[in-house]
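Only one structure is covered here, and it is reproduced in the block below.
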Amino acid sequence: MIINDLLMQNNISDSQTDELNDIMKNRDIIEVLIVEADDENEILKCEFNDFYDFEFVLPYSQYLRTLDVQRDVKLISNKIIGTSTYVHIDTIEEQFVVLNRTSALEVKENKFMQKFKVGDSILCTYENIIFKKNIEGSKYDELGMYLDCEGMKGILPKNNIPNIKSKKLSQLGIVNGDQIEGTITHIIPQKRIFILTMSKCEELELEKIYVGKYIKSTVTSHIFNVNEQKVFISRKKTKREFAKNQPVKLFVYDKNDNTGTTLYFAKLSN
């Protein structure tokens, strides 16, 4: 009985070796689970389906996206344990399988940019909150969330989350792997990233009059909400003061897409 079990185990192992070799040869992308971080040897240990006779390792040098190669994986290694990711198989040495996330994500990013366009609704996976040290330098402000959609990195700015108001993102109870649905507002190919919104925004037409509601003023501009889009009027163009939520007719004449969020510019309309 023991001999039969051993023979069956060897047959399973040979079959799985052939399957892994086919995956490597075809450069197929597989999804693995990161289970352990070894900072000393700079590798992540992974699991893949029921291939328990093999040791899957992902070197730190092959973990980062192409544009993130300057980052130190040791700073985030503990945070990515328990997460799933896409990889290629680079080499197989007996029971030792070396993985490559960098090359797999580059392929996934290219496919994303071919498949989706601005205005498409997509389902994303939450990764973590984006923090930035504030002016005082003693605290960190929440800017939004990092997302993943089919291997492409995304950002959901906090301003693009409806009804968030003064709540902190860390208080929403979202955990890594949760699903978030939204609409693509921008795809930035050179940065390999997309911007998402959960608000139902309609792109505004230029040289058209809209009714907007006053939000607030800065040193340089008055800011209005028009169909969930921010519209700016230069303070130099008007001396008027506005009440909160006051409806005002605005003539939209220009826009700027360089910030990742579309900014519209207008003047008062009679």
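The values are calculated or read from the model by the stated rules, or taken from the named source; none is laboratory data. Nothing here was measured: the structure is a model prediction, and the numbers come from that model. Here the Cβ is made from the backbone with ideal geometry for all residues, glycine too, and neighbour counts use every protein chain on show.
Remarks
- Cβ pairs under 7 Å, 6+ apart, first in the range 54-78 and free of Cβ contacts under 8 Å to residues at least 12 places away in the same chain, second in a loop (DSSP other than H, G, I, E, B) and surrounded by 14 or more Cβ atoms within 10 Å (Cβ to Cβ): ARG71/LEU64
- Cβ separations smaller than 7 Å between residues 6+ apart or across chains give the following pairs from the range 21-43 residues that are surrounded by fewer than 14 Cβ atoms within 10 Å (Cβ to Cβ) to residues that are charged (D, E, K, R): VAL35/LYS45; VAL35/GLU47; GLU36/LYS45; ASP38/LYS45; ASP39/LYS74.
- Set side by side, the residues ILE161, ILE193, ILE180, ILE223 differ, and just one is more than 18 Å from the chain's Cα centre (by Cα) and either among the charged types (D, E, K, R) or surrounded by 12 or more Cβ atoms within 10 Å (Cβ to Cβ) (or both), which is ILE223.
- Selection from the range 163-191 of residues that are farther than 25 Å from GLU150 by Cβ and hydroxyl-bearing (Ser, Thr, Tyr): SER166, SER170
- Single residue of the range 191-228 satisfying the filter (within 22 Å of LEU123 (Cα to Cα) and either of a type in the set (A, V, I, L, M, F, W, C) or not in a loop (DSSP other than H, G, I, E, B) (or both)) that is modelled with the lowest pLDDT: CYS201
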